Amino acid sequence: MTLVRWDPFRELEDMSERLNRMFTRPALRPSGKETLIVADWIPTVDISETDGEYLIKAELPEVRKEDVKVTVEDGVLTLQGERRQEKEEKGKKYHRVERSYGSFVRSFTLPESIDESGVNAEYKDGVLSLHLPKTEKVKPKAIDVKVA
């Protein structure tokens with residue numbers, strides 16, 4: 001029998017990580033109702049805006065392009081997919097596994113100023129870039145003021 005030294009701080013750290021994962025899951029609002037998405041992990045995103053478009057960049061390391069699905073429906077942009085874990089090999093021991101694997105879902109409510117038909121996506125180096133163009137009527141226009 002192997003004697004294992006008890007580390008109370010490690011147990012507290014594990015519990016803290018589990019609580020953080022539970023409370024950082026996003027909520028979806030399809031048809032106006034809020035529901036909690038249960039996902040195995042959640043990719044992080046950056047959202048930026050220019051005069052012509054919104055840009056969403058999602059980090060998807062080790063996720064194949066074929067395993068990612070992007071949909072736009074009724075003003076909601078949804079990213080979903082899966083990051084697969086390596087198959088365990090005989091003779092290979094894992095001492096620590098901290099990265100999360102499995103399915104993910106992220107949804108964003110789009111502003112009315114988005115041209116849903118013009119949304120496009122690029123995937124490079126584990127980063128998914130979604131370009132969401134604004135409609136023409138929303139883009140700001142400069143007006144020359146003439147002195148009389």
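Looking at region 68-148, which trypsin sites (Lys or Arg not before Pro) are in a loop (DSSP not H, G, I, E or B) and have at most 14 other Cβ atoms within 10 Å?
Numbers: sites: Lys69, Arg83, Arg84, Lys87, Lys90, Lys92, Lys93, Arg96, Arg99, Arg106, Lys124, Lys134, Lys137, Lys141, Lys146; in loops: Arg84, Lys87, Lys90, Lys92, Lys93, Arg96, Arg99, Lys137, Lys141, Lys146.
Taking region 68-148 and a limit of 14 other Cβ atoms within 10 Å, the loop trypsin sites (Lys or Arg not before Pro) found are Arg84, Lys87, Lys90, Lys92, Lys93, Arg96, Arg99, Lys137, Lys141, Lys146.
How would region 66-148 be classified by its alpha-carbon gyration tensor: rounded, prolate or oblate, with rounded meaning a/c under 1.5 and the a/b versus b/c comparison settling the rest?
It is prolate, given that a/c is not under 1.5 and a/b is the larger ratio.
For Lys141 and Thr78, what does the FRET efficiency come to when R0 = 22 Å and r is the distance between their Cβ atoms, rounded to the nearest 0.05? Could you put the intermediate results ahead of the total?
Values: r = 32 Å, r/R0 = 1.46.
It comes to 0.10.
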* Please give the contour-minus-distance gain from Leu19 to Ile47: 0.36 nm per residue of separation, less the Cα-Cα distance, rounded to one decimal in nm. => 7.5 nm
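How about region 49-109: which chymotrypsin sites (Phe, Trp or Tyr not before Pro) there lie in a loop by DSSP and see at most 13 other Cβ atoms within 10 Å?
Details: sites: Tyr54, Tyr94, Tyr101, Phe104, Phe108; in loops: Tyr94, Tyr101.
Answer in residue order: Tyr94.
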* Asked: So for the pair Tyr101, Glu59, with labels modelled 7 Å out along Cα→Cβ, what separation do we get in nm?
  -> 2.0
* Kindly flag which residue pairs out of Lys69/Lys92; Lys92/Lys124; Lys57/Lys124 have an alpha-carbon separation exceeding 21 Å in this structure. => Lys69/Lys92; Lys92/Lys124
* Can you list the residues, at least 5 places off or on another chain, whose amide H is less than 5 Å from the amide H of Val127, using H built in the peptide plane? -> Leu60
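Where a number appears in this text, it was derived from the coordinates with a stated rule and is not lab data. Since the structure is predicted, the reported quantities are computational estimates derived from the model, not experimental observations. Positions of Cβ are generated from backbone atoms using ideal geometry, with glycine treated the same way; all protein chains shown enter the neighbour counts.
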